[in-house]
Amino acid sequence: MAPIAGPLVVPGTPNRMAGQAHGDLVARLSETEVLVLSDIAGESDLAAKLDAAWPPGSGPRGWLLPRFDSHAWFWVGGPHAAAMFAKLCAIDLRPRTFAGDAVAQTSVARTTAIVIRADLGNTLAYHLLCDRASAEYLWPVLLDAADEFGGGPVGHAALVAQDR
């Protein structure tokens with residue numbers, strides 16, 4: 001059994017997120033389903049440790065479903081991120097109504113999505129997950145919406161630098 005460093009924090013109610021000690025996020029999607037997202041740098045092995053922590057035959061357990069097998073993962077951030085989402089999503093994602101630990105299972109640009117608010121330092125930020133088959137459709141939609149607010153792609157290296 002692989003040890004899990006530090007306590008795992010799981011939100012007490014669905015549609016909430018809890019940040020973990022090493023930058024991972026645990027989003028509770030329902031009473032029995034959680035989504036574990038690695039830290040932005042991709043250095044964490046929390047999901048693998050969780051899968052290894054349940055001995056075979058020990059009863060109810062979780063199953064590891066690598067995110068890249070099911071979801072595309074986008075990061076949307078900046079001072080106009082909530083306004084941009086207002087054009088694409090019926091949920092009000094403004095900070096005054098969508099808390100820093102909130103999770104929405106909704107539709108973004110007519111695509112089923114999970115939106116997790118997880119600010120990066122002082123930067124308003126959201127993780128956006130959609131079915132991976134929809135990624136090719138959603139990417140240009142996000143670029144077009146961001147362009148209206150003077151935004152655009154920043155790349156993974158910029159996110160890692162911002163997070164450190």
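The values are calculated or read from the model by the stated rules, or taken from the named source; none is laboratory data. The structure presented is a predicted model; accordingly, all values stated were derived computationally and were not measured. All Cβ positions, glycine included, derive from the backbone under ideal geometry; neighbour counts span all protein chains shown.
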Given (1) in contact (Cβ under 8 Å) with a residue 60 or more places away in the chain; (2) part of a strand (DSSP E or B); (3) of a type in the set (A, V, I, L, M); (4) within 26 Å of Glu43 (Cβ to Cβ), index of the condition Leu159 fails:
(2)
Candidate set: the range 1-33, residues that are among the β-branched types (Val, Ile, Thr) and surrounded by fewer than 19 Cβ atoms within 10 Å (Cβ to Cβ); chosen: the one modelled with the lowest pLDDT:
Ile4
Scanning the range 81-90 residue by residue, those surrounded by fewer than 17 Cβ atoms within 10 Å (Cβ to Cβ) and in contact (Cβ under 8 Å) with a residue 24 or more places away in the chain turn out to be Ala83, Lys87
Would you check if there is a residue in the range 134-156 being closer than 22 Å to Gly12 by Cα, in contact (Cβ under 8 Å) with a residue 40 or more places away in the chain and among the hydrophobic types (A, V, I, L, M, F, W, C)?
no
Which count do you get for residues in the range 69-111 that are modelled with pLDDT of 95 or more, over 14 Å from Met17 (Cα atoms) and among the polar types (S, T, N, Q)?
4
Being farther than 17 Å from Asp147 by Cβ, assigned to a loop (DSSP other than H, G, I, E, B) and of a type in the set (Gly, Ala, Ser) is the filter here; which residues of the range 68-108 pass it?
Ser70, Ala90, Ala99, Gly100
